[in-house]
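Q: Let me give you the structure first, and then I'll get to my questions.
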Amino acid sequence: MLKRAVVFASGSGSNFQALCEAVNNNELSLEICLLVCDKDNAYVIERAKKYKIEVLLINYSINSTFEIESMLLDKLSELKINLLILAGFLRKLSPLIIKNYHHKIINIHPSLLPKYKGLHAIEQALANNESDIGVSVHYVDELLDNGPIIMQDKVSVVGLNNDEVYQKVHDLEHVLFVKALKKVLEEY
Ligand code: GRF
């Protein structure tokens, strides 16, 4: 049976789109049932519309964290979600959601974890003169960018300008995310 996923994202959503394409090409036996987004102007919302995926916009300035989390837990259970995929979601999930979906929440981070956790990982690596920049896909636990690694890879950024670095790392992300999710689904 197809596993059912929700994607959480806050930004442009190029990773979200890579996953939607892999689903449409039958590369991933997954159904993306819902996009959860916390920014009403995020481009990922446009992408979700294009793929006809329901969008749930959450607004932390109107609702309390408790209200949002209770609503989210209800929604995820109503949709019988098997996997929570974080694709550039700029908030920490609450311990309650993490506990309820233990080993079912997957995140992508642009560094070779445990190096360069947190925001601006690519900038951190560049500031440290790294010649390679990595990408990690990992299970999520209570700590930031911390759970067990599912897959990692890296690209050389020697001689590239910043735009080229971001493009190359994003290109790697799009491929690695699909590969790692395939692995998760095979082992599920
Ligand atoms: C990616 O670099 C991802 O690794 C990080 O957030 C960024 C999201 O990019 N967690 P996009 O919105 O998918 O283009």
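Q: Any idea how many residues of the stretch 148-164 are touching a residue at least 24 places away in the same chain (Cβ under 8 Å) and farther than 27 Å from residue 23 by Cα?
A: 4
Q: Given (1) touching a Cys at 6+ places or on another chain (Cβ under 8 Å); (2) under 16 Å from residue 90 (Cβ atoms), where does residue 39 come up short, assuming only one miss?
A: Looking at each condition in turn, residue 39 falls short on (1).
Q: Among the residues of the stretch 54-63, are any touching a residue at least 24 places away in the same chain (Cβ under 8 Å), within 16 Å of the ligand (Cβ to nearest atom) and under 16 Å from the mean Cα position of the chain (by Cα)?
A: No, the stretch 54-63 contains no residue that is touching a residue at least 24 places away in the same chain (Cβ under 8 Å), within 16 Å of the ligand (Cβ to nearest atom) and under 16 Å from the mean Cα position of the chain (by Cα).
Q: Suppose we filter 132, 145 for residues that are touching a residue at least 12 places away in the same chain (Cβ under 8 Å), within 23 Å of residue 178 (Cβ to Cβ) and surrounded by 16 or more Cβ atoms within 10 Å (Cβ to Cβ); which single one remains?
A: 145
Q: Could you please tell me which pairs satisfy a Cβ distance under 6 Å, a separation of 6+ or placement on different chains, a first residue in the stretch 98-110 that is free of Cβ contacts under 8 Å to residues at least 60 places away in the same chain and farther than 17 Å from residue 4 by Cβ, and a second residue that is more than 16 Å from the ligand (Cβ to nearest atom) and assigned to a helix (DSSP H, G or I)?
A: none
Q: Taking the condition of being within 11 Å of the ligand (Cβ to nearest atom) and among the hydroxyl-bearing types (Ser, Thr, Tyr), how many residues in the stretch 20-45 meet it?
A: 1
Q: Let me ask another. Does residue 96 qualify as being away from the ligand (no atom under 12 Å from the Cβ), modelled with pLDDT under 95 and surrounded by fewer than 19 Cβ atoms within 10 Å (Cβ to Cβ)?
A: Yes: the conditions hold for residue 96.
Q: Now a separate question. Run residue 90 past the list (1) within 11 Å of the ligand (Cβ to nearest atom); (2) modelled with pLDDT of 95 or more and report the number of the one that doesn't hold.
A: It fails just one condition, (2).
Q: Further question: Does residue 167 satisfy being of a type in the set (S, T, N, Q), within 12 Å of the ligand (Cβ to nearest atom) and without any contact (Cβ under 8 Å) to a residue 60 or more places away in the chain?
A: When the stated conditions are applied, residue 167 passes them.
Q: Then there is this: Does the stretch 1-19 hold any residues that are touching a helix residue (DSSP H, G or I) at 6+ places or on another chain (Cβ under 7 Å) and either free of Cβ contacts under 8 Å to residues at least 40 places away in the same chain or within 10 Å of the ligand (Cβ to nearest atom) (or both), and which are they?
A: 7, 9, 11, 12, 13, 14, 15, 16, 17, 18, 19
The values are calculated or read from the model by the stated rules, or taken from the named source; none is laboratory data. Quantities reported herein were computed from a predicted structural model and do not represent experimental measurements. Cβ: placed from backbone, ideal geometry, glycine included. Neighbour counts: every protein chain shown.
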